[in-house]
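Enquirer: One structure, pasted below without further comment.
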Amino acid sequence: MNDDTGMVSALEIVAALDRAWQSIRARHPEVPPVVLLLGPSPSRAGARFPTHGCYLGTGWTLREAQLKSEAAMEEYHHLVAQLDASERLQEQLAASVEASHHAMAGLYGELASSLPEVFVATEMIAAGANEMFKVLLHEAVHAIAQARGIKDTSRQGRYHNARFRALAQEAGLEPEPRDPVIGFSPTTLSATAAQEYETALGELSAALAGQAGPQDWAAAAAARGPVCECGSWVPMTRRRIEPVAGTVMCRMCGGGP
C-alpha cells in the first residue's frame with residue numbers, strides 16, 4: 001500500500017487484534033499463539049452466511065527452526081567432507097552421523113510443529129470492535145476444541161454442533177438458537193466477557209476509529225453469480241443460469257442441513 005497513513009492504520013488494527021488474542025490466551029491457556037491475518041472475506045456477494053473469520057490449526061512453520069536445521073545440515077556435510085578414507089572410515093562416519101543426529105533431534109520436533117492461523121475479514125472493520133472481537137473469540141473456541149480433541153463442527157466446518165455451543169459459553173459467548181445450516185455458529189458477546197475484555201475492546205475500538213471496511217471488488221463483480229444457501233458460490237455459465245429457478249444448491253452441502 002502506497003498510502004503511509006493507510007498502512008499505519010492497518011498495522012494498528014493487526015496490533016490491536018494481536019493484543020486482544022493475547023488477552024484471550026491469558027484467560028484460556030489452551031489457546032495457542034497464532035499468525036493473525038487481515039483480509040477481504042472469501043465469501044461471494046449475497047452469501048447468506050459470509051465468512052467473517054477462520055481458524056486453521058496448522059500451516060506456519062517456525063523460520064527459526066528451519067534456519068537451525070539448515071545450519072545443522074551444513075555442519076553434517078562439513079564433518080563428512082573431513083572424513084579420511086584411509087583411517088577407520090566406518091567409525092568416523094558412524095561418529096559423524098551420531099553427532100549430527102543429536103544436534104538435529106530437537107529440531108525435528110520444532111519443524112513438525114507450526115503456528116496456527118487466524119483470519120479476520122476486513123469487512124468486520126465497519127462492524128466495530130465488539131463484532132470483530134467476537135470473531136476472535138469464536139476462533140479461539142475452535143482452538144480450544146482442537147486442544148481438547150473435541151469435534152465441534154461438521155459439514156466441512158460449517159455446522160457448529162452442541163459441543164461448540166458448550167465451549168462458546170465457557171469462553172464468554174452466548175449462542176443464538178440453532179440454525180439448520182450452520183448450527184450454533186451465530187453468537188453474541190456476553191456481558192461478563194465484555195467486562196473481562198474491557199481493555200482489549202477499548203484498544204481495538206481505538207484502532208478502528210475512523211476506519212471503514214474496504215470495498216470487496218471481487219464479491220461485487222460476482223454479485224449476479226449463483227450462491228448456495230451455505231454461502232458457497234456455484235460456478236455456472238450464463239447460459240445455464242438463465243433457466244435456473246429457485247434455490248441453487250452446491251454439491252458440498254446439498255443446499256440443506
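All of the numbers you see were taken from the coordinates with simple rules; none came from a lab. Keep in mind that what you see is a predicted model, and the values were worked out from it rather than measured. Glycine gets a Cβ as well: all are built from the backbone with ideal geometry, and neighbour counts include every protein chain shown.
Enquirer: Compute the length gained on full extension between GLU30 and GLU176: take 0.36 nm times their separation in residues and subtract their Cα-Cα distance, giving the result in nm to one decimal.
Expert: On the way: separation 146, 0.36 × 146 = 52.56 nm, distance 2.46 nm.
Length difference between fully extended and current span is 50.1 nm.
Enquirer: Please list log₁₀ I(q)/I(0) at q = 0.20, 0.29 Å⁻¹ for the range 138-205, using the Debye equation with identical point scatterers on the alpha-carbon positions.
Expert: Taking Cα atoms of the range 138-205 as identical point scatterers yields -0.79, -1.24.
Enquirer: Going by C-beta contacts inside 10 Å, put GLU176, GLU117 in order with the fewest on the left. Before the final figure, lay out each step's value.
Expert: Values: GLU176 12, GLU117 17.
Ascending number of Cβ neighbours within 10 Å: GLU176, GLU117.
Enquirer: Here's another thing I want to ask about it. For the range 111-167, just list the percent of Cα-Cα distances falling in each 5 Å bin from zero outward, please.
Expert: 4, 16, 23, 22, 19, 12, 4, 1
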